[in-house]
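See structure below.
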Amino acid sequence: MYKPFSMLLVLGLLGTLGTEALAQKKKKKESSAAEAAKPATPAAKSTSPKAYKEVITSKAKTDEGLFKVHKVDDSYFYEIPDSLLGRDMLLVSRIAKTAENIGYGGEELNTSVVRWELKDKKVLLRLVSYRNVASEELPIYQAVKNSNFEPVVAAFEVKAAKTDSTGTVIEVGELFTTDVKLLGLEQRRRTQYKVTALDTKRSYLDSIRSYPLNIEARHVLTYNATEPPSTSETGSISLEMNHSMVLLPKKPMTPRLKDQRVGYFSVRQNDYGLDEQKADKREYIVRWRLEPKDPAAYARGELVEPVKPIVYYIDPATPEKWRPYIKQGVEDWQAAFEQAGFKNAILCKYPPTKEEDPEFSPEDARYSVVRYFASDIQNAYGPNVHDPRSGEILESDIGWYHNVMNLIRNWFFIQTATINPDARTPKFKDEVMGRLIRFVSSHEVGHTLGLPHNMGSSAAYPVDSLRSATFTQKYSVAPSIMDYARFNYVAQPDDKGVSLMPNIGLYDKYAIEWGYRALPGVQKPEDERKALNDMIMKHAHDPIYRYGRQTANPTDPRSQTEDLGDDAMKASEYGIQNLKRLVPELVNWTKEEGKPYDNLEEMYGQVLGQWSRYMGHVASNVGGIYETYKTYDQEGAVYTPVEKAKQKRAVQFINNQAFKTPTWMIQPELVNRFEGVGMVERIRTAQERVLNNLLEPGRMARLIEHETLHSGQAYSLLELMGDLRTGIWTELKNGQVPDTYRRNLQRTYLDRLEYLMTKEPASVPASARGFLGYVPVKMSQSDIRSVVRGELGLLQTDIRKALPTAKDTLTKYHLQDALVRIEKILDPKE
């Protein structure tokens, strides 16, 4: 998945927002000014500054850069030039190294704007907010400034001043060795792990390095904790933090206003200086500053190089055989920038040697780097560091974990092996894995260009078009590589020559043009409105150019993760046919001579996971709502319920594919190679997830509302409950004997109805409500309980009728037990 936007955006390859991901990797909650500013670093007693050479002695080791950083013995000093006092700087705090279960290396914890200020004999580090703004030229500016007093994060005694008065020296060690919350573990984890205090004896400043545009500080923090998530015997948490302090441009880039019809990350402001009768909320898209070298040629429609291209470097730690593929993934975006009028706008370079550039470092803010981590995390993420005043991206370090290769191997195997001989092996050829790495590289680079996931992209194509070699070779499997379309599981063995994976698509090129094309005569963001709106309206009725946002619990069935095509039932039917072909081949296609059955176990689990995704794709149609962003100049509703017939088809599909026992997954001769017991429970839990998803209170509440507002045209809650009862309790009508799997499913059904009758859903944060898929439901005051009670009564009657004709003792006991359960739900007693 959303949490509020922060200035550093991290989107991973993993899909769900509960893990982003959101993959996908995640956007963090802004720290409040008051919380971030306390406790301030203790200031030493005020004394007169010493002579420069008394502080910065001959023993000093000096690192030149944004500030001069001096190390004298074990003490670190900043020498802050007068020209940088009062300048805005971006402070980005990340976890560099961590213990098990405490985030991951590279995870961003906090991003803030700070400013250094000289006040008498002290230097103050202040926290700056751009949430509320107004032009400095307007009278209201002073009122806005007075309402945004900048908290003091830390205060430092001036240790020395240069004789020419161009710099001020302060000692900064305590900033990194005392508990300054802006620079440490965030409050959520402090509460979760019951942190009591920072142990200063086990915390220390490791290093500070200065570069022309940034300063990088690393320190180790050790917290005493009552419930640490790992190494509990120590009663503490230790992690290494990295803080990047990046100088922001003196003059911000002219921002571009966000439009929700095109997917971009954004920064938000309340602007009090506009000619409105309220403070207008402004959102500016996040993008790199691209300006044509030759504006005249650009205006004539010629392709022009930018003044400063976007350049990525490959991390020196990257295995050499994968470097060309990562590089190609970056430069695949050149075609999109050409549509925006730029050539050679984005480049990727191999890391320079020590001889070529002895100062090269991935931590230098002048370099954007694809960082390669030796980690078993199966993910990659694409962050960017941007100016909160304008949205200008300043630099980006893509995080690439070594084991992302296992993730994409599993997907490619499960989704394409039945039609693709290259995937029928536990270890892919280098050129096959290289192509997959290129795909992931392109996806993550898209995030660093400002593009979020476009989960609505894959629904643009008719399902059967994905079986066409002509269509897929021309259009790929989705219009956007920023979707989680993954690989072509729709294609069948006879569909020769079909494309199997997404590329930079039509939507991607359109989005880059919309965000990056330089428009003439622009002095302020409003000057661009008409031209940008015209670009959108040109494609307003074409689903290829639709943006569908990612949500934690998808309500629009067109905007889901891991899906393909415009009909989930049809696409999932094709996908299941391929899984049925795959399972009998798993032993042969996963075997490695002399090794245990680890590959087989992993891939069998992947089969069940893929099946579960198909069920989720289908279930989202039930109670589903189409979300199609529009403005006042476009006709029609933004939100419309999914068609009744389609919802009914979805429930019938789930009855057939999930609740009729999926016997094709039950392969004892396969499973007994890696486990002695567990098959029955595996099927039960898989069916339980599907049923609980369908009978989720928010979904049920939407069905009630749709029936209320669109009577006769909506798929009602009564119809859903009736269709499920008929599908799950079929044996009551046809007289067949329910086997173990069916009995388990029927008991699961009763457990879910008991939950709906007796429990209230967990409260949902206000920020997560609305169309994020959540509806706050008061069960005791909803029709849900009335309907559930009625269903239990109907089921009770059906069981009583069927009980006398039960064909075996186990069926008889099962039905008797079901009656007792129903009676307890309907009439609970102490």
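Any read-out appearing in this document is the output of simple, stated calculations on the displayed coordinates, not a laboratory observation. Just so it is clear, the model here is predicted, and its values are computed rather than measured. Using ideal geometry, Cβ is built from the backbone for each residue, glycine included, and neighbour counts are taken over all protein chains shown.
Out of all DSSP beta bridges in segment 295-528, what portion is antiparallel? Express it as a percent rounded to 5.
On the way: 4 of 17 bridges.
Of the beta bridges lying entirely in segment 295-528, close to 25 percent run antiparallel.
Output the Cα-based Rg and Dmax of the chain in Å, rounding Rg to one decimal and Dmax to a whole number.
29.8, 103
Fewest to most neighbouring Cβ within 10 Å: what's the order for THR470, THR628?
So the residues, fewest neighbours to most, are THR470, THR628.
For segment 695-830, calculate the relative contact order in percent as a whole number, restricting contacts to Cα pairs under 8 Å that are 6 or more residues apart.
Relative contact order of segment 695-830: 31 percent.
Report, as a whole number in µm² per second, the diffusion coefficient that Stokes-Einstein gives for segment 204-352 at 10 °C and 1.306 mPa s using the Kirkwood radius over alpha carbon pairs.
On the way: Rh = 20.4 Å.
Estimated diffusion coefficient is 78 µm²/s.
Let a ≥ b ≥ c be the square roots of the eigenvalues of the Cα gyration tensor of segment 336-451; is it rounded (a/c under 1.5), or, if not, prolate (a/b larger than b/c) or oblate?
It comes out prolate by the Cα gyration axes.
Relative contact order of segment 295-528: what whole-number percent is it, with Cα pairs under 8 angstrom and at least 6 residues apart?
19
In terms of the Cα gyration tensor, with a ≥ b ≥ c the square roots of its eigenvalues, is segment 295-528 rounded because a/c is under 1.5, prolate because a/b exceeds b/c, or oblate?
Details: a/c = 2.13, a/b = 1.24, b/c = 1.71.
It is oblate, given that a/c is not under 1.5 and a/b is not larger than b/c.
Report the dimensions of segment 695-830 along its three principal axes from the alpha-carbon atoms, largest first, rounded to Å.
53, 39, 24
Among TRP116, LEU205, GLY698, flag the residue with its Cα farthest along the positive direction of the charge dipole of the chain, charges on Cβ as +1 for Lys/Arg and -1 for Asp/Glu.
GLY698
What dipole magnitude, in Debye to the nearest 20, does the chain give about its Cα centre under +1 on Lys/Arg Cβ and -1 on Asp/Glu Cβ?
1080
Order these by the 10 Å Cβ neighbour count, fewest first: LYS570, LYS281.
Listed from fewest to most nearby Cβ atoms, that is LYS281, LYS570.
Run through the DSSP bridge list for the chain and note the antiparallel percent, rounded to the nearest 5.
80
Mind ranking 193-205, 471-483, 381-393, 364-376 by how tightly packed they are, going by the mean number of other C-beta atoms within 10 angstrom, highest first?
Details: 193-205: 15.2, 471-483: 24.0, 381-393: 25.7, 364-376: 19.2.
With the highest mean Cβ count within 10 Å placed first, the list reads 381-393, 471-483, 364-376, 193-205.
In segment 608-647, if the dipole is taken from +1 on Lys/Arg beta carbons and -1 on Asp/Glu beta carbons about the Cα centre, which of TYR639, ILE625, GLN610 is farthest to the positive end?
Looking along the dipole axis, the top candidate is GLN610.
Step through the table entries LYS349/LYS496; LYS293/LYS630; LYS427/LYS580; LYS251/LYS308; LYS570/LYS733; LYS580/LYS648, compare each Cα-Cα distance with 27 Å, and write down the pairs that go over it. Could the numbers behind the result be given before it?
On the way: LYS349/LYS496 36 Å; LYS293/LYS630 36 Å; LYS427/LYS580 22 Å; LYS251/LYS308 16 Å; LYS570/LYS733 29 Å; LYS580/LYS648 25 Å.
Among LYS349/LYS496; LYS293/LYS630; LYS427/LYS580; LYS251/LYS308; LYS570/LYS733; LYS580/LYS648, the Cα-Cα distance tops 27 Å for LYS349/LYS496; LYS293/LYS630; LYS570/LYS733.
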